[in-house]
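One structure is given below, encoded as structure tokens.
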Amino acid sequence: MRIAILGTGALAVALGSGWTRAGHDVVIGGRSFERADAAAKASGARARPLTEVAADAEAVLLSVRWEGVTGMLTAVGAHNGSLAGKPLIDPTNAVDHGIGVLRTESGRAAAHRVAEFAPGAHVVKAFHLFPSTHWNVPSPSAAVVAMCGDDRRALAVVGSLVRDIGGTPAVIGGLDRARQLEEVAGFVIALAFAGIDPRSAVPTAPLRSP
Ligand SMILES: NC(=O)c1ccc[n+]([C@@H]2O[C@H](COP(=O)([O-])OP(=O)(O)OC[C@H]3O[C@@H](n4cnc5c(N)ncnc54)[C@H](OP(=O)(O)O)[C@@H]3O)[C@@H](O)[C@H]2O)c1
């Protein structure tokens, strides 16, 4: 699959490395071409200028800090429909680090903002919960990647990208569930920074067949 990664940081390198290892054709773009080139070299991918990085992509990962989301989407022309029809993975955490409070307005998700700035793109909230270091090894330990989105084909594409790096996808619903998924990240971050293992704060629930 041709995958475009927007952003040059830790998550871009971790997922880019995993997907190139899985045989995908990964290109990386950032507001600095030098940093994009460094991220590409670190992950076995190729760097591309922002104006062309997503042009022929079959999936796009928006791997920038929350403050940079609208700037990045504007830089690739998403506001003018350049990502229309493409699966657009949103792993962003608009969360006060160390506190875990969401910075988005009440009831709204970061993923909704992404969808607004990328008309026609099939936004899938995913990869926001596990730290980049989880994916940084060739055979990561088991991880269920909870995700949501409105387009079935985009969910299937992202699900296959999860499996390609050793995870198991779990679709919890449409993009209207994105706020809930983002709150989970805030919950995990709040407990982790309080020195509590977040897994110890979740009960073992009886499993039901789907
Ligand atoms: N790292 C993780 O463990 C992890 C896990 C799950 C989800 N996430 C989420 O994934 C996203 C990327 O995380 P990361 O750790 O890879 O971040 P990072 O290492 O800090 O890199 C962030 C990227 O965002 C860009 N950026 C930052 N501020 C910007 C702005 N104002 N305008 C435009 N671009 C800006 C940076 O560009 P420059 O290099 O030009 O500054 C860089 O390409 C974040 O939303 C984060 O919440 C991260």
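The values are calculated or read from the model by the stated rules, or taken from the named source; none is laboratory data. Owing to the predicted nature of the structure, the values given are computational and were not obtained by experimental measurement. Surface accessibility is based on the protein's heavy atoms, side chains included, excluding ligands, DNA and RNA. Shrake-Rupley method; radii C 1.70, N 1.55, O 1.52, S 1.80 Å.
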Practice task
For the stretch 65-210, give the percent of accessible area contributed by carbon and sulfur heavy atoms, probe 1.4 Å, rounded to a whole number.
Solution key: 55
Handout entry: For the stretch 73-79, 3J(HN,Hα) per residue [Karplus equation, 6.51 cos²θ - 1.76 cosθ + 1.60, θ = phi - 60°, Hz, x = Gly/Pro]
Key = 5, 5, 4, 9, x, 4, 5
Problem - Cα pair distances in the chain, grouped into 10 Å bins until the bin that holds the longest one, percent each - result: 9, 36, 39, 14, 2, 0
